[in-house]
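Read the figures in this text as sums done on the coordinates, not as results from a lab. Computed from a prediction, not measured in an experiment: that's the story for all the values here. Cβ: placed from backbone, ideal geometry, glycine included. Neighbour counts: every protein chain shown.
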Amino acid sequence: MYEIGEIYTMKKPHPCGGKDWAIVRIGADVKLRCTTCGKFVNLTRDELKKRVKSCKKEEENA
């Protein structure tokens, strides 16, 4: 379902103003990085499912 490098748009913005988050690590919880300011946050899969508005795109690993 979730893959590393995918970018998700959240329903509510981060305090920096960004709504887009990139998945960095997947395990029991999911580690996300804000694409605007670079801060990291860990969310459980259930929390992420509730907060996600849409999957925007995948980063190109070139």
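In percent, rounded to a whole number, the relative contact order of the chain is 36, using alpha-carbon pairs under 8 Å and six or more apart. On full extension, the segment bounded by residue 28 and residue 52 gains 6.9 nm, given 0.36 nm per residue less the C-alpha separation. Using the Cβ of residue 32 as centre and a radius below 11 Å, the other residues enclosed give a net charge of +1, where K and R count +1 and D and E count -1. Note: the chain, Cα convex hull, 82 Å³ per residue.
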